[in-house]
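Following: one structure in structure tokens, then a few remarks.
The values are calculated or read from the model by the stated rules, or taken from the named source; none is laboratory data. Small disclaimer: the values here were computed from a predicted structure and weren't measured. Backbone-built Cβ (ideal geometry, glycine too); neighbour counts: all protein chains shown.
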Amino acid sequence: MLLRTRCELAFDISVATPFIFMLRPRSGAQQWVVSEAFRHAPSVPVLEFTDNYGNLCQRLVAPPGAFNITTLSDVITADRADSAPGAEFIEIQLLPDAVLSYLLPSRYCESDLFCALATQVTAGCRPGYDQVSAITQWVRDNTRYDSDASGLLISAVEVNARQSGVCRDFAHIGIALCRSINIPARLVVGYLYQLHPMDFHAWFEAFVGGRWYTFDASQPKLSGGYIAVGYGRDAADVAVFNQFGPCSYPRFQSVDVQLIMEADATATV
């Protein structure tokens with residue numbers, strides 16, 4: 001399917017403030033960026049770089065006063081997410097070098113504290129994809145969605161204690177459980193078609209069967225229409241924006257995803 005994403009951010013800046021934004025999706029195995037636009041007002045110099053996880057990041061210094069950013073992207077993405085029940089667990093010594101960092105505990109995913117729970121949740125499952133499926137279902141069944149928690153950046157341990165959170169928190173606990181049984185897992189932030197209420201979305205991917213697969217415990221079932229913008233170990237790596245100065249939350253934020261064209265049976269991503 002061809003989707004059009006739109007993001008608008010509006011800030012009131014008190015003093016000149018350096019920002020790092022992560023707002024541009026990149027083409028990859030699961031999506032193809034057909035066209036895009038990045039606009040900001042007032043106009044200031046922007047330096048783009050690729051971070052350690054392959055994400056496209058934009059550096060700029062916002063001047064005092066009103067500062068607005070608008071992005072538009074047309075992206076071809078799969079109309080259904082790949083699944084592979086039975087895909088095998090990959091032995092650590094056979095994992096690609098770039099995947100190894102996604103085995104380790106991180107700031108919001110304390111995987112070293114979840115081994116006993118993960119072992120219990122995945123008991124009887126074939127090692128690999130089926131274990132991740134069991135983890136995803138367990139998180140879905142045992143975590144309540146709470147939109148009021150969106151402003152609280154809490155770790156997997158805290159999410160498990162609260163048994164509630166937003167999509168980012170569902171992903172964090174899923175990641176921690178996967179890593180605790182030696183399955184690489186990473187956080188993804190981006191867009192999801194027909195998400196309600198519409199906003200930026202977070203899910204996770206696990207590396208099994210020799211590739212990354214999408215899992216999303218915050219949704220009733222896995223569908224298509226995912227557009228990735230950023231990948232990382234946890235939320236600390238994939239913030240849509242970081243600012244370095246007086247804290248300035250967006251005065252206005254709007255996110256939208258529209259269907260432009262249904263899937264073409266002959267198209268590939």
Check: So which strands (runs of 3 or more DSSP E) are wholly in segment 181-269 and hold at least 3 residues that are without any contact (Cβ under 8 Å) to a residue 12 or more places away in the chain?
Finding: none
Margin query: Given the criteria under 10 Å from Ala176 (Cα atoms), at pLDDT 95 or above and in the same structural domain as Arg168 (by TED's automatic domain parsing), does Pro127 qualify?
Written below: no
Note to self: I'm trying to understand the selection: among the residues of segment 136-150, which are part of a helix (DSSP H, G or I) and loosely packed, with under 14 Cβ neighbours inside 10 Å?
What the structure shows: Gln137, Asp141, Asn142, Ser147, Asp148
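To keep it simple, each residue is scored yes or no on (1) out of contact with any Asp or Glu (no Cβ under 9 Å at 6 or more places or on another chain); (2) within 30 Å of Cys7 (Cβ to Cβ); (3) modelled with pLDDT under 95.
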| position | (1), (2), (3) |
| --- | --- |
| Thr70 | no, yes, no |
| Arg80 | yes, yes, yes |
| Pro85 | no, no, no |
| Pro96 | yes, no, no |
Next item on the list: State all residues of segment 30-49 that are of a type in the set (Val, Ile, Thr) and either under 20 Å from Thr5 (Cβ atoms) or surrounded by 14 or more Cβ atoms within 10 Å (Cβ to Cβ) (or both); if no residue qualifies, say none.
Entry: Val33, Val34, Val46
Notebook entry, point to check: Only one residue in Leu187, Leu177, Leu222 is in contact with an Asp or Glu (Cβ under 7 Å, 6 or more places away or on another chain), modelled with pLDDT of 95 or more and surrounded by 17 or more Cβ atoms within 10 Å (Cβ to Cβ). Which one?
Noted result: Leu187
Item checked: Per-region count, segment 132-163, residues among the hydroxyl-bearing types (Ser, Thr, Tyr) and within 15 Å of Tyr108 (Cα to Cα) -> 2
Next item on the list: Consider Asp74 carefully, then state whether it is under 29 Å from Val132 (Cβ atoms) and surrounded by fewer than 18 Cβ atoms within 10 Å (Cβ to Cβ).
Entry: no
Check: Restricting segment 85-128 to residues that are free of Cβ contacts under 8 Å to residues at least 60 places away in the same chain and not in a loop (DSSP other than H, G, I, E, B), which is surrounded by the most Cβ atoms within 10 Å (Cβ to Cβ)?
Finding: Val121
Notebook entry, point to check: Assuming Val44 fulfils every condition listed in (1) assigned to a loop (DSSP other than H, G, I, E, B); (2) in contact (Cβ under 8 Å) with a residue 60 or more places away in the chain apart from one, which condition is it?
Noted result: (2)
Check: When the residues of segment 151-170 are filtered to those that are hydrophobic (A, V, I, L, M, F, W, C) and part of a loop (DSSP other than H, G, I, E, B), which remaining residue is surrounded by the most Cβ atoms within 10 Å (Cβ to Cβ)?
Finding: Val166
Checklist line | Selection within segment 103-123 - touching an Asp or Glu at 6+ places or on another chain (Cβ under 6 Å) and of a type in the set (Phe, Trp, Tyr) | finding: Tyr108
